[in-house]
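Please treat every number below as a calculation from the coordinates, not as lab data. Computed from a prediction, not measured in an experiment: that's the story for all the values here. All Cβ positions, even for glycine, are placed from backbone atoms using ideal geometry, and neighbour counts span all protein chains on display.
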Amino acid sequence: MKKKIIPLLIIAAVAGAVLIKTRSGREFRYSGSIEATEIDLSARIPGVIASYGAREGDPVKKGAVLASLDCADLRLAAGIAAEDFKRAEELYSGGSVSKENYDRLKYRRDDSALKVDWCSVKSPVSGRLLYAYRETGELVAPGTKLATVADLSEVWAYIYVPHDLLVKIKPGMEVAAFLPESGGGEFPGRISVIYSEAEFTPKNVQTRKERTRLVFAVKVSFPNPEEMLKPGMTIEVKLPE
């Protein structure tokens with residue numbers, strides 16, 4: 001009887017150890033860095049920076065003026081062009097101005113007004129001002145980069161998974177992600193793209209096996225209405241085993 005009890009005790013002990021290991025073992029997660037849509041804004045015309053409408057890190061609304069150029073000469077020219085066209089309209093209606101001259105003055109008015117509008121560099125999206133590259137009072141040329149705005153309403157991260165896991169995931173699949181710094185807080189994500197071309201694992205990304213094996217890039221998108229996820233943060237994504 002004792003001989004039967006001892007093996008049973010050994011089996012129970014081994015099973016208990018396996019159960020403890022399974023419960024205490026941390027599930028594998030794929031790591032990636034948060035990225036966001038960043039838009040560079042440049043000057044379209046030459047001018048001196050009169051002011052910035054926001055500071056680095058400030059939230060901005062779509063259409064908000066981020067940088068203003070001192071365009072006194074363009075504003076003066078626009079005013080003269082508008083007055084010339086106003087007089088031409090009156091004369092044209094009376095038959096004293098040709099259609100050719102009327103169209104030429106109309107073009108001059110519209111072109112001058114457009115250049116005045118370019119004096120205000122506006123944000124094309126609601127987001128956050130990441131960088132302001134120039135200082136107030138600097139003279140800038142057309143094409144000079146003035147600011148970078150990030151749209152943080154939705155961000156993403158690239159993770160790299162082995163070939164045998166591809167059959168278990170698909171675009172549109174909901175996944176859970178975690179920020180190590182947030183104490184385990186969970187963020188909902190969605191697989192948006194699975195790239196079809198294999199590549200060698202980037203050295204700064206974890207995978208299940210050796211880093212030299214071929215893996216596939218997977219883009220995971222995250223809604224970010226509260227802007228808790230910021231570019232450069234490391235996020236961990238849980239995928240089906």
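For S51 and L166 in the same chain, what is the full-extension length gain: residue separation times 0.36 nm, less their Cα-Cα distance, in nm?
36.3 nm
Full-extension gain between E227 and D84, please, as 0.36 nm times their residue separation minus the C-alpha to C-alpha distance.
46.5 nm is the gain from fully extending E227 to D84.
What does the extension gain come out to for E181 and E27, with contour length at 0.36 nm per residue minus their alpha carbon separation?
Net length gain for the segment: 53.7 nm.
Return Y52, Y195, Y131 ranked ascending by Cβ neighbour count within 10 Å, so the fewest neighbours appear first.
With the fewest neighbours first, Y52, Y195, Y131 line up as Y195, Y131, Y52.
What Kirkwood hydrodynamic radius, in Å, does the range 46-110 give when the mean of 1/r is taken over all pairs of distinct Cα atoms and then inverted?
By the Kirkwood definition, the hydrodynamic radius is 14.5 Å.
Relative to the compact-globule scaling 2.2 N^0.38 Å, provide the ratio for the alpha-carbon radius of gyration of the range 40-149.
1.35
If I model a spin label as a point 7 Å beyond the Cα along the Cα-Cβ vector, how far apart are those points for N101 and T136 in nm?
4.6
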